[in-house]
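The values are calculated or read from the model by the stated rules, or taken from the named source; none is laboratory data. Keep in mind that what you see is a predicted model, and the values were worked out from it rather than measured. For neighbour counting, all protein chains shown are included, and Cβ atoms are generated from backbone atoms with ideal geometry for every residue, glycine included. These area figures cover heavy atoms from the full protein model, side chains too; ligands, DNA and RNA do not enter into them. Shrake-Rupley method; radii C 1.70, N 1.55, O 1.52, S 1.80 Å.
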Amino acid sequence: MTSSSGTRRQPSLAQLRAFVAVAEHLHFRDAATAIGMSQPALSGAVSALEEVLGVTLLERTTRKVLLSPAGERLAVRAKAVLDEVGALLEEAEAVRAPFTGVLRLGVIPTVAPYLLPTVLRLVHDRYPHLDLQVHEEQTASLLDGLTSGRLDLLLLAVPLGVPGLVELPLFDEDFVLATPTGHRLGDREGIPREALKDVDLLLLDEGHCLRDQALDICREVGRADAPVTTTAAGLSTLVQLVAGGLGCTLLPRTALRVETTRGDQLRTGSFTDPAPGRRIALVMRAGAARGGEYRELAAALREALRPLPVRVLDEDA
């Protein structure tokens with residue numbers, strides 16, 4: 001469509017937003033509710049967009065709404081435009097007032113209980129106008145949330161090896177071996193990794209990166225069998241299973257103070273250097289509008305984490 005002046009008409013953001021909502025819900029009433037628009041206004045916006053573009057985007061029947069072939073192709077483009085507009089507004093907000101507004105932080109379960117007190121205290125003291133919202137999820141869900149824009153920043157174990165993401169390393173920490181009282185490796189220092197060949201090892205459920213790290217260590221020392229007969233959804237349950245005599249497990253050092261003071265039926269042993277362990281980092285999208293803030297937050301976190309039993313890293317580690 002061309003106006004009398006010869007310039008091509010441009011779709012409005014409201015029209016694009018209405019079309020993307022219909023494309024996602026395939027239902028006018030649900031789409032209108034999702035974006036806070038009346039159903040007649042939404043239908044009119046989509047019709048106006050079809051007129052501007054000169055194509056039919058939807059196939060309307062009495063019972064349902066379907067995307068036309070052109071609609072399927074253009075829905076992807078329309079969503080990309082809205083995402084870029086959102087990024088523009090986010091960047092403008094960040095430039096206007098750093099460390100304000102909402103920061104949606106995703107954290108893995110084997111980190112959250114042990115590091116969040118430090119993170120929350122830092123944000124409260126240094127960034128009082130930052131609205132920190134915490135989401136505890138497993139790694140795969142967090143990565144999906146970051147890449148889709150549902151989350152802004154992650155706190156988890158690395159390396160990830162995911163294109164388009166930037167890792168801001170915070171620290172390395174060792175694993176220790178948690179055993180029941182009376183176990184031959186309990187309270188022992190200098191345990192060789194090879195000792196893991198001969199212990200009944202309890203692990204977290206599938207989906208936890210700590211489980212995968214433990215299995216990697218077992219493979220490194222030549223343990224080819226699947227060592228898992230009992231699993232747990234969280235470290236607290238895992239520790240209780242160990243205390244009950246069902247086996248041993250690997251614990252990150254940051255978890256010791258919380259998890260090993262609940263009873264006297266648990267012992268821990270340390271490995272010889274280099275001990276097995278993990279690296280924890282903040283992870284952001286490459287080119288994130290608030291990337292400068294996230295780097296500053298990482299630097300502040302490194303200093304705040306120094307009292308913990310970890311080896312704090314430089315940003316370029």
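So the values come out like this:
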| read-out | value |
| --- | --- |
| Cβ pairs under 8 Å, 6+ apart, first in the range 55-66 and touching a residue at least 24 places away in the same chain (Cβ under 8 Å), second open to solvent by less than 90 Å² (accessible area, probe 1.4 Å) and polar (S, T, N, Q) | 57/68; 58/68 |
| Some residue of the range 135-152 being open to solvent by 10 Å² or more (accessible area, probe 1.4 Å), part of a strand (DSSP E or B) and touching a strand residue (DSSP E or B) at 6+ places or on another chain (Cβ under 7 Å) | yes |
| Unmet criterion (only one of (1) at pLDDT 95 or above; (2) part of a helix (DSSP H, G or I)) for residue 32 | (1) |
| Residue check, residue 189 within 18 Å of the chain's Cα centre (by Cα), open to solvent by 30 Å² or more (accessible area, probe 1.4 Å) and not polar (S, T, N, Q) | no |
| Residue that is farthest from residue 111 (Cα to Cα) [pool: residues in the range 242-255 that are open to solvent by 40 Å² or more (accessible area, probe 1.4 Å) and in contact with a Leu (Cβ under 9 Å, 6 or more places away or on another chain)] | 246 |
| Cβ pairs under 7 Å, 6+ apart, first in the range 67-92 and in contact (Cβ under 8 Å) with a residue 12 or more places away in the chain, second among the β-branched types (Val, Ile, Thr) | 68/56; 70/55; 70/56; 75/20; 78/20; 79/20; 82/20 |
| Sole exception among (1) over 30 Å from residue 146 (Cα atoms); (2) open to solvent by less than 70 Å² (accessible area, probe 1.4 Å); (3) touching a strand residue (DSSP E or B) at 6+ places or on another chain (Cβ under 8 Å) for residue 8, by number | (2) |
| Candidate set: the range 29-56, residues that are farther than 16 Å from residue 13 by Cβ and hydrophobic (A, V, I, L, M, F, W, C); chosen: the one surrounded by the fewest Cβ atoms within 10 Å (Cβ to Cβ) | 55 |
| Residue in the range 295-309 that is open to solvent by less than 20 Å² (accessible area, probe 1.4 Å), within 30 Å of residue 94 (Cα to Cα) and part of a loop (DSSP other than H, G, I, E, B) present | yes |
| Residue 165 vs. criteria among the hydrophobic types (A, V, I, L, M, F, W, C), within 17 Å of the chain's Cα centre (by Cα) and more than 30 Å from residue 272 (Cβ to Cβ) | yes |
| Candidates 177, 130, 185, filtered to the one that is farther than 20 Å from residue 87 by Cβ, touching a helix residue (DSSP H, G or I) at 6+ places or on another chain (Cβ under 7 Å) and modelled with pLDDT under 95 | 185 |
| Residues within the range 70-79 that are of a type outside the set (Val, Ile, Thr) and either open to solvent by 70 Å² or more (accessible area, probe 1.4 Å) or over 20 Å from residue 9 (Cβ atoms) (or both), tallied | 4 |
| Neighbours by Cβ (under 7 Å, 6+ apart or cross-chain): first from the range 12-25, open to solvent by less than 20 Å² (accessible area, probe 1.4 Å); second charged (D, E, K, R) | 20/79 |
| Residue that is nearest to residue 82 (Cα to Cα) [pool: residues in the range 100-127 that are part of a helix (DSSP H, G or I) and open to solvent by less than 40 Å² (accessible area, probe 1.4 Å)] | 123 |
| Candidates 172, 125, filtered to the one that is within 24 Å of residue 270 (Cβ to Cβ) and of a type in the set (D, E, K, R) | 172 |
| Any pair with Cβ under 9 angstrom, 6 or more apart, that starts in the range 197-211 at a residue that is surrounded by fewer than 19 Cβ atoms within 10 Å (Cβ to Cβ) and ends at one that is part of a helix (DSSP H, G or I) | 197/218; 205/211; 206/212; 207/139; 207/140; 207/141 |
| Residue match in the range 57-69 (condition: out of contact with any strand residue (DSSP E or B) (no Cβ under 6 Å at 6 or more places or on another chain), assigned to a strand (DSSP E or B), under 26 Å from residue 12 (Cα atoms) and open to solvent by 30 Å² or more (accessible area, probe 1.4 Å)) | yes |
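For (1) assigned to a strand (DSSP E or B); (2) crowded, with 16+ Cβ neighbours inside 10 Å, each residue gets a yes or a no:
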| residue | (1), (2) |
| --- | --- |
| 238 | no, yes |
| 257 | no, no |
| 268 | yes, yes |
| 281 | yes, yes |
